[in-house]
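*Asks:* Have a look at this one before I ask anything.
The values are calculated or read from the model by the stated rules, or taken from the named source; none is laboratory data. These numbers come from a predicted model, not from an experiment. A quick note on method: Cβ atoms are made from the backbone with ideal geometry, for glycine too, and the neighbour counts reach across all protein chains shown. Note: accessible area is taken over every heavy atom of the protein model, side chains too, but ligands, DNA and RNA are not part of it. Shrake-Rupley method; radii C 1.70, N 1.55, O 1.52, S 1.80 Å.
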Amino acid sequence: MAADANEPAGAADPGRPREPGQPPDAARRGDPEAGLVLGRHETPEERADRRWTELMQEIRVAQTGVQILFGFLLTVVFTPRFPYLSHTDRTIYVVTVCLGAAATGALIGPVSFHRMVAGRRLKPRAVTWASRLTFAGLVLLLATLCAALLLVLRVATGAPFVPWLVAGLLVWYLLCWFVLPLWVRRRHTDGPRRTAP
């Protein structure tokens, strides 16, 4: 079997039984989770580097969406129809813009966080905090999307079913973004893990 590209040279084949008295690969490499030989064989620094790269790729997708949406929201106030919006619609607009600004801040935050702590051997902690900021940004993006949909559909149709339609879309977002991944993680994770993969 070919060696994993992420596995360092000289690492033992994980499928091969080890010699009696020989420590697990994780223990030989100084892994704090010695004895739990799960997944990749990485040092904490290698794991932090990999997780940071993956996180940055995920953030790029979310940032693109929130920046396009936020840019659109900022232009609404300059349209000819804006002065004729009802007080309720204006309130929804202000809330939506604030949510969009908060989501943008949370999703750009990890870049600033990394720049401020770079070179100080804090990559594992930076990954943890950047992950938390990204999750907060996704929740705020979800709220921004729902508020924007509520505003647009109210102005476009004025129909009484609009809140129910937005509620249905909210349920769909929750299923796609949170429920399904959590269900898959719970169903297919073998045993307890101390850190996220």
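*Asks:* Residues of the stretch 118-134 being over 17 Å from the mean Cα position of the chain (by Cα), surrounded by 15 or more Cβ atoms within 10 Å (Cβ to Cβ) and without any contact (Cβ under 8 Å) to a residue 40 or more places away in the chain, which ones?
*Replies:* Of all residues in the stretch 118-134, those over 17 Å from the mean Cα position of the chain (by Cα) come to 118-123.
With surrounded by 15 or more Cβ atoms within 10 Å (Cβ to Cβ) added as a condition, the list becomes 122-123.
Across the stretch 118-134, the qualifying residue is only L122.
*Asks:* Give the residue, chosen from A126, A62, that is more than 22 Å from W177 (Cα to Cα) and part of a helix (DSSP H, G or I). I'd like the intermediate steps shown before the answer.
*Replies:* Details: A62 fails: more than 22 Å from W177 (Cα to Cα).
Answer to the check: A126.
*Asks:* If you don't mind, there's one more thing I want to ask. Against the condition within 20 Å of I59 (Cα to Cα) and of a type in the set (K, R), how does R125 come out, does it pass?
*Replies:* Against the criterion (within 20 Å of I59 (Cα to Cα) and of a type in the set (K, R)), R125 qualifies.
*Asks:* Residue pairs, Cβ under 9 Å, 6 or more apart or interchain, first in the stretch 162-173 and in contact (Cβ under 8 Å) with a residue 12 or more places away in the chain, second open to solvent by 60 Å² or more (accessible area, probe 1.4 Å) and part of a helix (DSSP H, G or I). List them.
*Replies:* V162/R154; V162/A156; P163/R154
*Asks:* Here's a check for you: in the stretch 53-87, which residue that is open to solvent by less than 70 Å² (accessible area, probe 1.4 Å) and among the β-branched types (V, I, T) is nearest to L141 (Cα to Cα)? Talk me through it step by step, then tell me what you get.
*Replies:* Of all residues in the stretch 53-87, those open to solvent by less than 70 Å² (accessible area, probe 1.4 Å) come to 54-56, 59, 62-63, 65-66, 69-71, 73, 76-77, 79, 82, 85-86.
With among the β-branched types (V, I, T) added as a condition, the list becomes 59, 66, 76-77, 79.
Values: I59: 12, V66: 7, V76: 18, V77: 20, T79: 23 Å.
Step by step, filter the stretch 53-87, then rank; the result is V66.
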